[in-house]
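What follows is a short report on a single structure.
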Amino acid sequence: MSDEQRPPASPEPGGGAAGGGATAGGASAGGASGGPERHGPEPGPIQFFGTTWVHHDGGYGLRRAGVAVGSLALAAAGAVVLRFAFQGLEIADVGPFVGILVVAGFAICSALAFRRTWDGFVRRRDPAAESAADRSAQSLMFIGFIGSLLAYFCRSLVEAPGERLHRAEYTAARARHERRRGARTGNPAARKPRAKRRR
């Protein structure tokens, strides 16, 4: 039993610097070896990309190409399905007025879905006002799914959809973390004169 108790006792000092420092006050102990990447805030994953957007590694370019091609292919398939539905209305002979209303409805819903999806890539919505707006916009997003897919396609040509927003939030979180860490650590050179004055 004594041999079994020794192995877990030896990794504890190293584990406190590597694992415990990330959650508690071990940032100063492990900051020199692990760097601020391990002990600072973690980047949030993006759908289809994970955390590859941080350093553009792990097949980031291939993922962007896959999202662009996939979203465009799905939008084209959706357009074909809508074309068949419109042909069904023509066969049913519902009249040109109903056909115009259907086309205009899909076009407006697609435009609204495109705008809403695009805005979600560049700014974070207010959670308080989002709950009521989400319920009313779900049907519009469902009808205008082609616009949402086109927004994914256009955005993936520039970056991972939502990368700019995630990077801005990650940079701000890192800056706040560094300020808090600097405030906790302080400047040892500036603390000595204060200690002498108190004495």
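Structure notes:
- Label-to-label distance, residue 94 versus residue 158, with points set 7 angstrom from Cα along the beta-carbon direction: 3.6 nm.
- With a Förster radius of 35 Å applied to the C-beta separation of residue 168 and residue 72, the computed FRET efficiency comes to 0.80.
- Ordered from largest to smallest accessible area (heavy atoms of protein chains, 1.4 Å probe), the residues 154, 109 come out as 154, 109.
- With the whole protein complex present, residue 165 retains an accessible surface near 20 Å², based on a 1.4 Å probe.
- The solvent-accessible area of residue 115, taken with every protein chain present and a 1.4 Å probe, is close to 150 Å².
- Across the protein chains, with a 1.4 Å probe defining accessible surface, the residues 57, 93 rank 93, 57 from largest area downward.
The values are calculated or read from the model by the stated rules, or taken from the named source; none is laboratory data. Everything numeric here is computed off the predicted structure, so don't read it as measured data. Cβ atoms come from the backbone with ideal geometry, glycine included; neighbour counts cover every protein chain shown. Just so you know, the surface numbers come from the protein's heavy atoms only, side chains and all, with ligands and any DNA or RNA stripped out. Shrake-Rupley method; radii C 1.70, N 1.55, O 1.52, S 1.80 Å.
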